[in-house]
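Laboratory data are not the source of any read-out in this text; all were calculated from the coordinates shown. Since we're looking at a predicted model, the values are computed, not measured.
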Amino acid sequence: MSHGVADLTVRSNAPLDMFKRVLVDGVELTSSSYELTEGSTTVTLKAGYLSTLATGTHTLAIESETGTASTTFTIVEKQAEAGGAPSSPSSGKPAEAPADDSSANKPAIPQTGDNTASLASIASLATAGIILLVASAAISRH
């Protein structure tokens, strides 16, 4: 099953000479499924391997002599073209969204609930306003 995916690169802080193996969903990969490069340990899962994975979330683990670094990644279904059929995996063209869907090319941004910056801005404005009031009152007394 082809999902039209590209290579996926992940880096572990462990030195490359301490590398042991790569696992996806607990299964050890053969070296033909990935490339190793230095920069700590950089593992690039090849698109050919990724296209064999089912749609959904997967766990990637890089084992070394110093421990295991792990993360998750998600394989998503390719978007259908305006005509309703998915684009051909060999066409090299990404699927296009229908012309009337203005949100199709916008990434979803999750709400984190962190409003610290907003509260800090409000507090700074309030403080500046109080300082201006105090300063103008002091000036008008003279």
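For the reader, a short list of remarks on this structure follows.
- Amide H contacts of ASP7 (H built 1.01 Å from N, under 5 Å, at least 5 apart or other chain): ALA47
- Per-residue ³J(HN,Hα) for region 32-46, Karplus 6.51 cos²θ - 1.76 cosθ + 1.60, θ = phi - 60°, Hz, x for Gly and Pro: 6, 8, 8, 10, 10, 9, 7, x, 6, 10, 10, 10, 10, 6, 6
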